[in-house]
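Notes for the one structure printed next.
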Amino acid sequence: MMNQYPLWKYLLIAVIVIAGVIYALPNLYGEDPAIQISPARSAQIDETVHQKVLNVLEQDKITPLRVEYTEQHMLLRFTDTEIQLKAYDLIRDVLGGNYTVALNLAPATPGWLRSLNAAPMYLGLDLRGGVHFLMEVDMETALTQALERYVGDFRGTLREVKLRYLTIIREGDRVEVKFRDQQQRDSAYTLLRDNDDYSDLEFTREERDGSYYLLAGLQKAAQREIRRFALQQNITTLRNRVNELGVAEPVIQQQGQERIVVQLPGVQDTARAKEILGATATLEFRMVDERGDVQAALAGRVPPTSRLYHERNGRPLLLKKQVIITGDYITDASSGIEQQTGSPAVFITLDGKGARMMSNATRDNIGKSMAVVFIELKSETRIVDGKPVKTRKKVEEVINVATIRDQLGKRFQISGLDDTREARNLALLLRAGALAAPIEIVEERTIGPSLGQENIDKGVRSVVIGFVLVLVFMLLWYRGFGLMANLALTLNLVIIVAVLSMLQATLTLPGIAGIVLTVGMAVDANVLIFERIREELRNGNTPQSSINAGYAKAFSTIADANITTLLAALVLFGFGTGPIKGFAVTLSIGIITSMFTAIMVTRAVANLVYGRKRRLGKLSI
């Protein structure tokens, strides 16, 4: 018969509908206020940490709703935010600086749904609440840091060929080298100008106050490249730092030539977010002073060529003052396993200049120890006399000490690590742990959870009102076929939510607007089909042939209308900003799912209801 589907089509529809219901379900369960504990650096989440946390909560008569933990983190769920905040203070005090304690909102999805990888869709800043930062990169400092590196490089190059100079300093936006006589200055000019390592510099000669100067400044192209690199490196670093906060779907993107937008949905502890994001860090490689007396240094008698540092476990260590290289010369770092011993290692790649500096420094130090120092400038906000006071402190710690086995060059490895996780963390720090230039928060907006909930309520209300009005109209105007359209519309909403959840897309207010628009547009296809069926009936065709002709003849019109709308949505996604992209995504998904539900689902229901009846008196349309 003409109004029958083959079995595989019914099965396909059933599978899609069941999958849609399952993957849409997690959005009904909401979220629990939670505390996420993550190990900082080389620490681990073990039984001791579990017990310490639970004991301190028990002493204060706080019982978590549920505790979940893996080797990577520990998650404690609570019934409300008041208990969550109280527990947060207790846990942070007892664990100290070796662990990152972050406030979070954890999905309350049941275990059986999580086992199917079903998770709720992410909510944007305007729906979930959270914090919005606009950060400005200090480009002048980035350029200054680049020039400071050339000061040391010039010293080394001139000493190698025994060219005498009086002073080398950075003065403003250039490096000044002062000479006693013109011949020495001109020789240095020729040497540095023809050196490939200094191809980014412009050299000029100058005489004043009876002295001879060689001036070096960055070329315009080099300045642009340094600015671009500083911005991209800071974006990469911020992405990794945001992971410490446990944010589900952060937005970190470039705005203009010097600014970065950071949006952290669901973050409740905005002060901690600012401290983590605004910290400025650098890396240094130094030789270990193996002859120095550490105990004497602890008593205040530090050798003039060395400095006293501490490892992360608190062990004191004497390091040479001279820096071999900084993290600025690292182009890549990855963790792996050393082939000879099978122990964890980090594989480092340097740029050309860094490779030469490392090669020269390690050539005569084989068998000696080299340390990696992590230096971080942290901004902390403390309440003093009821007012927030911002302070900066410099943290310098040795994150790794390794023995030099061979003369190192462009590629080398750092061994002596405790485990593979520490190797991964060290690779991360080396690759993107340092901000290329300081950043300043120039704009901050906080959207509270209550305002986010108000936006959700308004958005849901608009969807429900539009949905109900469409349902009523279709039922009154098309009777039995209207019921089929209403079923398809309901399934359309379910499948849209399911697809957004499976894609782990972020739903924002513009996204809800896209869903509202989809609700109105979804029945367009059914209106075209049903009006075509009515027309066929008025022309005297039988009910069965009218159903078949209605779906067949309306398809091309439906396809044309939806394809043009889909193209418009794709253009919006391609050229729009964040909110516009959210609208385009939901609209695109809604168009595709409405084509499926309005054509295939309603046809399947019509086939099941009317298809088996050979003689139909009339249709409920």
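Taken together, G482, G514 contain a single residue that is more than 19 Å from G590 (Cβ to Cβ), buried (at least 19 other Cβ atoms within 10 Å of the Cβ) and in contact with a Leu (Cβ under 7 Å, 6 or more places away or on another chain), which is G482. Among all residues of segment 337-358, there is none that is more than 16 Å from E284 (Cα to Cα), at pLDDT 85 or above, outside any loop (DSSP other than H, G, I, E, B) and touching a helix residue (DSSP H, G or I) at 6+ places or on another chain (Cβ under 7 Å).
The single residue among G550, G590, G540 that is under 38 Å from the mean Cα position of the chain (by Cα) and either within 30 Å of V251 (Cα to Cα) or free of Cβ contacts under 8 Å to residues at least 40 places away in the same chain (or both) turns out to be G590.
No other residue among R392, R382, R424 is more than 20 Å from L238 (Cα to Cα), modelled with pLDDT under 80, basic (K, R) and not in a loop (DSSP other than H, G, I, E, B) apart from R382. Among the residues examined, L570 qualifies as out of contact with any Pro (no Cβ under 9 Å at 6 or more places or on another chain) and under 30 Å from V261 (Cα atoms).
Residue-level check: of (1) small (G, A, S); (2) more than 25 Å from T506 (Cβ to Cβ); (3) modelled with pLDDT of 80 or more; (4) surrounded by fewer than 16 Cβ atoms within 10 Å (Cβ to Cβ), A87 misses just (4).
Against the numbered list (1) of a type outside the set (D, E, K, R); (2) modelled with pLDDT under 80; (3) over 24 Å from Q504 (Cα atoms); (4) surrounded by fewer than 17 Cβ atoms within 10 Å (Cβ to Cβ), T144 comes up short only at (2). The condition of being in contact with a strand residue (DSSP E or B) (Cβ under 7 Å, 6 or more places away or on another chain), closer than 28 Å to A436 by Cβ and of a type in the set (G, A, S) holds for only one of G152, G130, that being G130. Highlighted here are the helices (runs of 4 or more DSSP H) found entirely within segment 186-303 that include at least 3 residues which are under 30 Å from V101 (Cβ atoms) and either among the β-branched types (V, I, T) or modelled with pLDDT under 85 (or both): 220-242, 270-278.
Please work out which residue is farthest from V323 (Cα to Cα), limiting yourself to segment 115-141 and to residues that are of a type in the set (V, I, T) and crowded, with 21+ Cβ neighbours inside 10 Å. By that ranking, first place goes to V131.
Contact map, segment 1-19: first residue surrounded by 14 or more Cβ atoms within 10 Å (Cβ to Cβ) and modelled with pLDDT under 90, second residue among the hydroxyl-bearing types (S, T, Y) and assigned to a helix (DSSP H, G or I), Cβ cut-off under 7 Å, separation 6 or more or different chains; pairs are N3/Y610. Can you confirm whether segment 112-119 contains a residue that is at pLDDT 75 or above and at positive phi? Yes: segment 112-119 contains one or more residues that are at pLDDT 75 or above and at positive phi.
Of all residues in segment 96-114, those being within 21 Å of K86 (Cβ to Cβ), crowded, with 17+ Cβ neighbours inside 10 Å and not aromatic (F, W, Y) number 7. Among the residues of segment 74-85, the one identified as touching a helix residue (DSSP H, G or I) at 6+ places or on another chain (Cβ under 9 Å) and part of a helix (DSSP H, G or I) is T81.
Can you pull out every residue in segment 320-333 that is surrounded by fewer than 15 Cβ atoms within 10 Å (Cβ to Cβ) and not acidic (D, E)? Within segment 320-333, K321, Q322, T331 qualify.
Report whether or not V94 is at pLDDT below 85, more than 25 Å from the chain's Cα centre (by Cα), hydrophobic (A, V, I, L, M, F, W, C) and within 30 Å of Y329 (Cα to Cα). No. Selection within segment 526-565: residues that are within 20 Å of L483 (Cα to Cα) and among the charged types (D, E, K, R). The member of this set that is surrounded by the most Cβ atoms within 10 Å (Cβ to Cβ) is R532. Condition first: over 13 Å from A106 (Cα atoms) and modelled with pLDDT of 80 or more. Now tell me which residues in segment 68-84 satisfy that. Across segment 68-84, the qualifying residues are E82, I83.
Being in a loop (DSSP other than H, G, I, E, B) and in contact (Cβ under 8 Å) with a residue 60 or more places away in the chain is a description that applies to A119.
The values are calculated or read from the model by the stated rules, or taken from the named source; none is laboratory data. As the structure is a computational prediction, the values presented were derived from the model and not from experiment. Please note: Cβ atoms are built from the backbone with ideal geometry, for glycine as well, and neighbour counts cover all protein chains shown.
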